[in-house]
Each structure stands twice: as C-alpha cells, then as structure tokens.
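Visitor: Questions regarding the structure given below will be posed in turn.
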Amino acid sequence: METNLTIPRQLKEGEEICTLNDLLFPVEMRDNPMPSNSEYSKLVVGHINGGDFFLNACSPRYELVPNAGIFPQIEKTMNSHNVPFDVEYSHIDNVRFYANYKFKTNSFKVNDVNDEIFPMLKVQHSYNGLTKYRIIFGYFRLVCTNGLTIPVKEMKEFNLSIVGKHTESIKRSFLLLSERLQYFAMNHKLINGAVKEKYEILGSIAIAKPEDRIIEVLRATGMGIIENKNFNTVNTILGIVEKEANDYYGGKVNDWLIYNGINNYLFDGRTVAAPEKKMETDSKVLEFMLQY
C-alpha cells in the first residue's frame, strides 16, 4: 500500500529526502580504540557507501536500536491494519531519521468548503540522541500538503503520541501503534470531529488586519521575523494567507488561514529547524491562537 511521495519543501541544512533503503544501512557499536572516559568508550558506526561512517560516541549503557528494526516494522503494522498511505523519508547526516506516513482515507473537511484534511503519522529516530524516538499522529492539509498539529487536549485525550527510549520500550511501541491504529479506525469520526471543532473555531474568527495578527502570533510564540531587502517573513506569510482566502474563502481572512499560513511557512518556507523543533513550534502557534 505504500508509495514514495516527494513533496518540495525547505529542508534543514543537511536534511535529505531519501528512500527507505537509505535508512536501513548496517549499524553497530564498537569499543572506542582511543583512551576515553566511560561516557565515550563506545562508538556507533554505520556502514555507508562501502565503508565505515562514525555516527556517535556513547557509553556502554546506550542501547542501539537500528532503523531496520523500526521503520519496516511500522509499515508492516500499517499494512496489517489495511491503512493505505504515501510516505516521505528523510535523514540529517545519516544520524537523524524521519518518516511521514500520510493516510489516504478517513479525511474530513473544514469550514464546509473544499478544504480536506487527512490523518498523518510522523516517526522520528536517531543514532546520536538528538532526536528522541517518537511516533505521533497529526494531520495534513490537501490544499498545500502542510502538516498540522493536533490540539494538545485532543492529543492527550486520545493518546496519539508514543515515545520510546530503550530497546524494550521501542519494541512495545509497535504493539501500542497497532492498538492506536485499531482505535483510530474504530473512532476516527469521533477523533476527527474533536480536532475539526478546534480548527473550525479558528475558521469562525474573522481577521480584519491579517498583518497585525501574524506579527502578534509570531512574537508570542518566539518565531523570528526577518525583514530585509531580500526577504520579509510577515509579507511571505501574508501572501500565502491572502491567496488561500481568495481561492477558497471568498477573499475573507480568518484565524484558520492565519494558522495555515504560519504552518506552511514553518514547514515549507525559509525555516530550517529540525522537523521535531518545527512540530514543537507549530503546537505553540496552534495553542496560542486557540487561547487568544
């Protein structure tokens, strides 16, 4: 059911779109041949392009879980639940790894217009500890294929995030994923309805001065604002918002479009933070806009 899906987007420096096979290179732990303290007495080494590639130095307590034991297992779980999906893989320096599984079913529409939202599963892992292993549900918007956050209350209520650290907890995560997929399949109308309600709250708030609202949200959530002769953050987001307002909302701007403009900028624009940092910022944006 899986197909590779490549969506043009701005990547973090060093991040590369890749195939599943690119994530599955052999990896092992070895003794550090140099004298060191215990914290760096082991090396994590990958076999890439026919040779050794140093990935990390760690202590003997570090539990190495190869990608080969994660991503294929997740896809096996997805397929066992008959979930049709597209997927995009990426990595940063062969040490931080990401997969976005975009469901092809169980969508819903926002604001009674042709604004379709589909479920998505995001998976992350690393060999250097900078990106914690995590499986998290989200959504993506068909209009501009950008990733959307589930509001915090709904994320907690439906247990739509799975985090692991050690080998056994990662292995258990596949069982949890199976349970969550089954739960989602049985209750997707309830879950989608709860998320849709929050999205439509934003859609019900008309914005007379979009530029001022964009600046307010960016400042409140700590997103940087660039303003020079080559680029203007606010104008870029405003352009996205106004185009969608004209194309889909009769020229009227609302908070839903403001959120999506910022989300689009965050994931597809000039920001080059790691994907997990973008998700964290996106969550702050959504929660701020729902509260204020």
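Visitor: In the list 184, 288, which residue meets the criterion of being closer than 30 Å to residue 133 by Cβ and at pLDDT 95 or above?
Guide: None of the others qualify; the one that does is 288.
Visitor: Residue 88 is checked against (1) over 27 Å from residue 198 (Cβ atoms); (2) in contact with a Leu (Cβ under 9 Å, 6 or more places away or on another chain) and fails just one. What number does that condition carry?
Guide: (1)
Visitor: For residue 119, which of the numbered conditions (1) out of contact with any His (no Cβ under 9 Å at 6 or more places or on another chain); (2) in a strand (DSSP E or B) fails to hold?
Guide: Result: residue 119 fails condition (1) only.
Visitor: Is it the case that residue 132 is closer than 22 Å to residue 284 by Cβ and within 18 Å of the chain's Cα centre (by Cα)?
Guide: In short, yes.
Visitor: Separate question: For residue 176, which of the numbered conditions (1) under 21 Å from the mean Cα position of the chain (by Cα); (2) assigned to a loop (DSSP other than H, G, I, E, B); (3) not hydroxyl-bearing (Ser, Thr, Tyr) fails to hold?
Guide: All conditions are met except number (2).
Visitor: Separate question: Inspect the stretch 119-128 for any residue being out of contact with any Cys (no Cβ under 9 Å at 6 or more places or on another chain) and modelled with pLDDT under 90 and give the result as yes or no.
Guide: Looking through the stretch 119-128, none of the residues is out of contact with any Cys (no Cβ under 9 Å at 6 or more places or on another chain) and modelled with pLDDT under 90.
Visitor: Identify the single condition in (1) in a loop (DSSP other than H, G, I, E, B); (2) under 26 Å from residue 119 (Cα atoms) that residue 244 does not satisfy, given that it satisfies every other one.
Guide: Of everything listed in (1) in a loop (DSSP other than H, G, I, E, B); (2) under 26 Å from residue 119 (Cα atoms), residue 244 misses just condition (1).
Visitor: Do the conditions hold for residue 222, that is, is it part of a loop (DSSP other than H, G, I, E, B), within 20 Å of the chain's Cα centre (by Cα) and not assigned by TED's automatic domain parsing to the domain that holds residue 151?
Guide: yes
The values are calculated or read from the model by the stated rules, or taken from the named source; none is laboratory data. These figures come from a predicted structure and were not determined experimentally. Quick reminder, even Gly has a Cβ in these numbers, built from the backbone with ideal geometry, and neighbours come from all protein chains shown.
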